[in-house]
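Please read the structure below before turning to the comments.
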Amino acid sequence: MEKRKSQVDKYTQNKRKKSRITVCLLIALLVMTALSMLIGQYGISPIEAIKILSGMQSATDSEIQTLSSIMLNIRLPRTIAAILIGGALAVAGITYQCVFRNVLVSQDVLGVSTGACTGAAVAIILDLSTYYIQGFSFATGMLSVAIVFLLAKIIKTEKTLSLILAGILVSGLMSSVLGYIKYTANPETHLQSIVFWTMGDLSSISMKQIYQVAIPMIVCLVLIYLNRWKLNFFCFSDGEASNIGFNIRVYRILFLVCSTVLVSVAVSISGSIGWIGLVIPQLVRTLIGTDNTDTVGLSFIMGASFLLLMDVINRLISTAELPISILTGMVGTPIFVICLLLKQRGEKLARYDKG
């Protein structure tokens, strides 16, 4: 009886802990959203921002018109894009890690990001408009994954391993093609744009681009979120999952397709942004554990907050902004190492308690 009571108390404490962490992360997301709207080369006070967003500000002053244009045409789409892209990459990352049963897997495991960047580079070389760059990027990202699935059928080994191996092959191929495009690109007109695209950029995203990607992003995020608890079944082998009545083949395809669309769509408007799909899931698991009923939603919130934070820092450190992947890598690397050390420490303590 006492043991059962202890288990109930432990469950209640964990639930309260998760609730507190969720509230803190939501507050952090709201704070980072506000800072993203206010901070930049032109400082805007909270009162001015509220008046501009609500339409209460008078448009007679030229300075006010300038601030209004900056907020509505630059900072608002940039903030929304950071939330959607950061959250989408984090959710895609944790989904890939569950499906492939490997916590070191990132959002580029199937070569999506590299393929999407290759398509964007082709469009840039051809001097196509932003709309076509976005379309080429999405199309080649999805094409890369289609090739991965075809190769996985040829490779005669365990399903998840064959997908990982095929992803490495396709990613290497796309990297070679992208390298050749960079080598032959005109350094005065094309090369800088290609390099900047492959390292991520949020500064030039417009509301029109967000409208184009919002529906597929939201649909895939909702599908993953509604089925998030089924990710827990991937901790079993395919045979064990089938024996308990879980159709692992169908859900593997569902989760992989949704995650791939999320990454392709995100890269198509922002370029390749690394580390989010690898670091954020590790950090979330360190905070609340491995139950995917909780980790998927919190991954979105934390991924969005993290990318907003990196974007705000990017604006503060220099007027000539860095590619965003430089910052996510510099900050994400120590976070990843700390999470691994904390995990190892937790495992040692667990073994000590059992002993």
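The values are calculated or read from the model by the stated rules, or taken from the named source; none is laboratory data. No experiment lies behind these values; they were computed from the predicted model shown. Cβ placement follows ideal geometry from the backbone for every residue including glycine, while neighbour counts extend to all protein chains displayed. Accessible surface areas use protein heavy atoms only, side chains included; no ligands, DNA or RNA. Shrake-Rupley method; radii C 1.70, N 1.55, O 1.52, S 1.80 Å.
Overview of results
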| item | result |
| --- | --- |
| Selected residue (only one of 34, 90 is among the small types (Gly, Ala, Ser), in contact with a Gly (Cβ under 9 Å, 6 or more places away or on another chain) and at pLDDT 85 or above) | 90 |
| Any pair with Cβ under 7 angstrom, 6 or more apart, that starts in the stretch 16-32 at a residue that is closer than 14 Å to residue 299 by Cα and ends at one that is surrounded by 12 or more Cβ atoms within 10 Å (Cβ to Cβ) and of a type outside the set (A, V, I, L, M) | 18/294; 25/305; 28/305; 29/305 |
| Close pairs from the stretch 38-52: first surrounded by fewer than 16 Cβ atoms within 10 Å (Cβ to Cβ), partner of a type in the set (Ser, Thr, Tyr), Cβ under 9 Å, at least 6 apart | 41/319; 42/66 |
| Tally, over the stretch 53-75, of residues that are within 29 Å of residue 201 (Cβ to Cβ) and at pLDDT 70 or above | 12 |
| Cβ-Cβ under 7 Å pairs, at least 6 apart or on other chains, the stretch 228-239 side in contact (Cβ under 8 Å) with a residue 60 or more places away in the chain and closer than 15 Å to residue 158 by Cα, far side part of a helix (DSSP H, G or I) and of a type in the set (Val, Ile, Thr) | 234/99; 238/248 |
| Filter result for residue 205 (under 17 Å from residue 116 (Cα atoms) and in a loop (DSSP other than H, G, I, E, B)) | yes |
| Residue selected from the stretch 311-328 under the condition within 16 Å of residue 195 (Cα to Cα) and under 14 Å from the mean Cα position of the chain (by Cα), by the criterion surrounded by the most Cβ atoms within 10 Å (Cβ to Cβ) | 324 |
| Residue match in the stretch 275-289 (condition: touching a helix residue (DSSP H, G or I) at 6+ places or on another chain (Cβ under 6 Å), touching a residue at least 24 places away in the same chain (Cβ under 8 Å) and part of a loop (DSSP other than H, G, I, E, B)) | yes |
| Residue in the stretch 96-103 that is within 29 Å of residue 208 (Cα to Cα), outside any helix (DSSP H, G or I), at pLDDT below 90 and polar (S, T, N, Q) present | no |
| Flag if residue 141 is touching a Gly at 6+ places or on another chain (Cβ under 6 Å), at positive phi, among the small types (Gly, Ala, Ser) and buried (at least 18 other Cβ atoms within 10 Å of the Cβ) | no |
| Residue among 287, 307, 262, 256 that alone is open to solvent by less than 10 Å² (accessible area, probe 1.4 Å) and more than 14 Å from the chain's Cα centre (by Cα) | 256 |
| Residue in the stretch 161-169 that is closer than 30 Å to residue 228 by Cβ, open to solvent by 20 Å² or more (accessible area, probe 1.4 Å), in a loop (DSSP other than H, G, I, E, B) and among the aliphatic types (A, V, I, L, M) present | no |
| Failed criterion for residue 228 (all others in (1) at pLDDT 90 or above; (2) open to solvent by less than 10 Å² (accessible area, probe 1.4 Å) hold) | (2) |
| Subset of the stretch 149-160 (residues that are part of a helix (DSSP H, G or I) and either more than 19 Å from residue 93 (Cβ to Cβ) or of a type outside the set (S, T, N, Q) (or both)) | 149, 150, 151, 152, 153, 154, 159 |
| Leading residue by the ranking (surrounded by the most Cβ atoms within 10 Å (Cβ to Cβ)) among those in the stretch 183-224 that are touching a Gly at 6+ places or on another chain (Cβ under 8 Å) and farther than 15 Å from residue 261 by Cα | 200 |
| Tabulated pairs, the stretch 180-202, first over 18 Å from residue 108 (Cα atoms) and assigned to a loop (DSSP other than H, G, I, E, B), second open to solvent by less than 70 Å² (accessible area, probe 1.4 Å) and not hydrophobic (A, V, I, L, M, F, W, C), C-beta under 8 angstrom, 6+ apart or interchain | 202/78; 202/270; 202/311 |
| Positions within the stretch 69-87 being of a type in the set (D, E, K, R) and either under 18 Å from residue 272 (Cβ atoms) or not in a helix (DSSP H, G or I) (or both), in sequence order | 78 |
| Any hit, the stretch 241-248, residues being farther than 25 Å from residue 195 by Cβ and buried (at least 18 other Cβ atoms within 10 Å of the Cβ) | yes |
